[in-house]
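The structure appears below as structure tokens.
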Amino acid sequence: MDYFSEYRRKLKTPEEAVQLIKSGDWVDYGMNHNMPELIDEALSRRVGELKDVKVRG
């Protein structure tokens, strides 16, 4: 599999990405995270589902 195929296979929307987060998880934004506000917005829509999620970045 070439690089671009692998990239497309792993690419997620913010809504898909935050579904991977579980209660008690850390969300740690690295140096190259370009659009954290989109992840933050999607994560905030799960406020009633999650507990003790810590965000650092």
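The values are calculated or read from the model by the stated rules, or taken from the named source; none is laboratory data. Please read these numbers as outputs of a predicted model, since none were measured by experiment. Neighbour counts are summed over all protein chains in view; Cβ atoms, including those assigned to glycine, are modelled from backbone coordinates with ideal geometry.
If I filter the range 32-46 for residues that are in a loop (DSSP other than H, G, I, E, B), of a type in the set (S, T, Y) and modelled with pLDDT of 95 or more, do I get at least one hit? No, every residue in the range 32-46 fails to be in a loop (DSSP other than H, G, I, E, B), of a type in the set (S, T, Y) and modelled with pLDDT of 95 or more. Counting residues in the range 30-47 that are exposed (fewer than 10 other Cβ atoms within 10 Å of the Cβ) and either touching a strand residue (DSSP E or B) at 6+ places or on another chain (Cβ under 7 Å) or among the acidic types (D, E) (or both) gives one or more. Residue selection: L50 satisfies the criterion of being out of contact with any strand residue (DSSP E or B) (no Cβ under 6 Å at 6 or more places or on another chain) and either in a loop (DSSP other than H, G, I, E, B) or exposed (fewer than 11 other Cβ atoms within 10 Å of the Cβ) (or both).
Taking the stated definitions as given, is L50 among the hydrophobic types (A, V, I, L, M, F, W, C), in contact (Cβ under 8 Å) with a residue 24 or more places away in the chain and touching a helix residue (DSSP H, G or I) at 6+ places or on another chain (Cβ under 6 Å)? No: the conditions fail for L50.
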